[in-house]
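Everything below concerns the one structure shown next.
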Amino acid sequence: MNLKNVNNSLLLKGQDSFGAVLPLFVFLLPFSALLSHSHLAAGLWVVGALLLVRPALPIRFSARERVFLLFLLCSLSGAVLPLSRARSVLSALLRLVFFLPIFASSARRAIKTGLLFAGGALGALSLLSLALGYGKTGYTDPTLAGELARAAPVFGNPNVLAAFLLPPTLLSLGEMLFPSQDGTRRIFSGAVFLLGAGGICATFSRGALLALCLGVALLAVWRMGAWRAALLFFSSLPLLLLLLPDTLCARLSSVLSPDSSVLYRLSLWRSVLRLPLRSLLFGGGEGKEAMMALLSPVLASGLLHIEHTHSLFLHVLVADGLVGLLFFLVFCALSLWKSRRAGAVSAVLALLCYGIFDDPLYSGQTEVIFWLSFGLL
């Protein structure tokens, strides 16, 4: 027997290791939110994933990747400020996950597989927690919705959970509508879509529900054209209204109602826009302390407890300034321009739509998924 051939047959190729380890990495990512220092745990996840692929240098960067590097420099510039030093460095580290699907281009399917498994598992946990009476209360206006219980397993916050579920749910629908694999993969994708969409419904997050509708509509138009998609929507609308729970329909119809959540957001956004141009040029850096130091002089009365800006775009404006926001918007435009990956495009657009009403960069795990979705484009 030739021992050399036996030893070689036992060695895993780099491509095989990506296919085996990367899905496990992505699957375990959301559960790192259970750790006490969840942002740091997400940062360690990014370091481990990037070390696994170990790209060969030098690397030729495209136009959008160069713009992303400029945006990354804006994020790192907050490290010179005492209040934002640690969080700015950590945020820049989390954003490096954008390069993971680019460095490991042969392992994109493995990354998507891990993400779909994570989305399906979280969707199932969401539905199960709500069915067993473990939903979170206190996240809605009790005068309008009562003590509405909302699913929030792992993250402890229904809006954060909904933001994490958006990409895998829409990526799975994209794989169903534009199949490139065997029938078993389509069945798996269909199960993930149903569980993910059910999980988003169980969170009762209005921003995520609207973003999900946008993503589904975009994929439907991409697959069958605008007229057929519109006809399908209007013909199935009565059935949807019949099947959806009354609590979910009432929650969706409250989008235009001036409840305490809407009024709080509007008051906060008006306060941000009262900042002087000099403060907004380069921003105040990442982190809650830096945000509060910048906003305290202009906050409206009653805004005493603020965790984040409840807006992706205002987050970038406050943390990275007008310069950083400009680089971010150009990066988004270049990423979406002429992209042909339907599932990834719908996932990114859904996250950007969700970002109008809430901040997917608030949690380290959702920030990783946000930038990873751009990398999958």
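The values are calculated or read from the model by the stated rules, or taken from the named source; none is laboratory data. Note that this is a predicted model, so its numbers are computed, not measured. Every residue, glycine as well, gets a Cβ built from its backbone with ideal geometry; the counts of neighbours run over all protein chains shown. Please note that ligands, DNA and RNA were not included when accessible areas were found on the heavy atoms of the full protein model with its side chains. Shrake-Rupley method; radii C 1.70, N 1.55, O 1.52, S 1.80 Å.
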Residues of the stretch 215-347: accessible area per residue with a 1.4 Å probe, Å²: 57
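Would you work out if the stretch 163-216 is rounded, prolate or oblate? Take a ≥ b ≥ c from the square roots of the eigenvalues of the alpha-carbon gyration tensor; rounded if a/c is under 1.5, else prolate when a/b is larger than b/c, oblate otherwise.
Prolate, because a/c is 1.5 or more and a/b exceeds b/c.
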Loop-located chymotrypsin sites (Phe, Trp or Tyr not before Pro) in the stretch 47-91 whose Cβ has at most 16 other Cβ within 10 Å (DSSP): Phe61
3J(HN,Hα) from dihedral phi, the stretch 340-350, Karplus parametrisation 6.51/-1.76/1.60, rounded to Hz, x for glycine, proline: 10, 8, 4, x, 5, 5, 5, 5, 5, 5, 5
Amide H contacts under 5 Å for Lys136, placed H, 5+ residues apart: Arg150, Ala151, Ala152
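How high is the relative contact order of the chain, in percent, with contacts defined as C-alpha pairs under 8 Å that are six or more residues apart?
This gives 24 percent for the chain.
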Candidates Leu239, Leu273, Leu116, ranked by Gaussian network fluctuation over the chain, Cα under 10 Å, top entry: Leu239
Solvent exposure of the stretch 108-182 as accessible area per residue, Å², 1.4 Å probe: 39
Size of electric dipole in the chain: Cβ of Lys, Arg +1 and of Asp, Glu -1, about Cα centre, debye, nearest 20: 1060
Answer label for Cα extents along the principal axes in Å (calculated), chosen among (1) 74, 48, 47; (2) 62, 44, 39; (3) 80, 56, 41: (3)
Trp45, Trp269, Trp337, reordered so the largest accessible area comes first (probe 1.4 Å): Trp337, Trp269, Trp45
Where the stretch 25-75 is the region considered: accessible area per residue in Å², 1.4 Å probe: 56
Percent accessible area from carbon and sulfur atoms, the stretch 92-239, protein chains only, probe 1.4 Å: 68
